[in-house]
Structures are given as structure tokens and as C-alpha cells.
Amino acid sequence: MSQRVAMQLFITLVTLLMHNGNASALEKHYIKAKPGTCVTTQTSCQINLLLSWQGEPTTTYCLQVEAGEPKLICDVPNRAQHYKLSLEAASDVMIYLVRKQDKQRVAQVMIDVQRHFLNQKRRKVAWSIF
């Protein structure tokens, strides 16, 4: 199979997937988090997030937080589309926007946890030119 035929097959496949009913449903939904990264020098990172999302106006949503034990937050006001969340995590956290009626995940966002270790030792130079 030539590269040209393979590329045409790939484009056709992507086009079919984009016209699938699930793909069009996903385009209506999104979730964003600010900040998207937590940087720490400790073993875990404490972060205050502002989550915002878009969904169907007549649907009630929950937030599912996958940080260690999965946690489902369904006391989100129906039309608020904003939520403040404080969490502590040792590794990356995935947050899903979930339809309350059928528990279907419709959007997701990842919070990147980066640990940086500081080298506290300071080297003393014991030599001199003079």
C-alpha cells in the first residue's frame, strides 16, 4: 500500500469518526481548569481550581475527580457552570464532566502535578588562583 493510499484511507477514517453521533455530542461539551498545572517541592500539591464548563442547558452535571479515590460532586448548581475546588494530589489529576442522569462522561481536563526538588547543598570552592 502506497503512502498516498494510506493517507487517503486515514483522512476518510477521520472524517467518518468526526461525523459519528458521539463526536458531535463531544463538541458541545467542554471543561476547563485554571490553573492547569500545580508545581510543588513537597510530596503532594495543594491547589485551588476554578472549573468552568459548557454543556446542554437543560442537563444537570456532576464533576468526577480522579485523585486517588474517585470522588463525584453532584451538588453543583445546575446553571452555574463554574465551581471552585480545592484539592491535594501527589500525581496528575483527571476531572470529568459527567451527566447526572446516566453518569456518562462528556468532557475531561487534566491537572498536571509537577514536583521539583531543590538542591539545598551549596558547594564551597576550596581553591584559589592566588
Name the residues in region 1-57 that are at pLDDT below 60, under 26 Å from Ala107 (Cβ atoms) and hydroxyl-bearing (Ser, Thr, Tyr), would you? Thr15, Ser24
Pull out all pairs, ordered by first then second residue, where Cβ-Cβ is under 9 Å, the residues are six or more apart or on different chains, the first lies in region 17-42 and is assigned to a strand (DSSP E or B), and the second is at pLDDT 85 or above and open to solvent by 90 Å² or more (accessible area, probe 1.4 Å). Ile31/Gln108; Ala33/Met110; Cys38/Gln46; Thr40/Gln46
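For region 43-75, how many residues meet the condition of being open to solvent by 90 Å² or more (accessible area, probe 1.4 Å) and assigned to a loop (DSSP other than H, G, I, E, B)?
To start, the set of residues in region 43-75 that are open to solvent by 90 Å² or more (accessible area, probe 1.4 Å) comprises 43, 46, 48, 58, 69, 71, 75.
Retained after the next criterion (residues that are assigned to a loop (DSSP other than H, G, I, E, B)): 43, 58, 75.
The total comes to 3.
The values are calculated or read from the model by the stated rules, or taken from the named source; none is laboratory data. Fair warning: this is a prediction, and the values are worked out from it, not measured in the lab. Reconstructed Cβ throughout: ideal geometry from the backbone, glycine too, with neighbour counts over all protein chains shown. The area values use the complete protein model at the heavy-atom level, side chains included, leaving out ligands, DNA and RNA. Shrake-Rupley method; radii C 1.70, N 1.55, O 1.52, S 1.80 Å.
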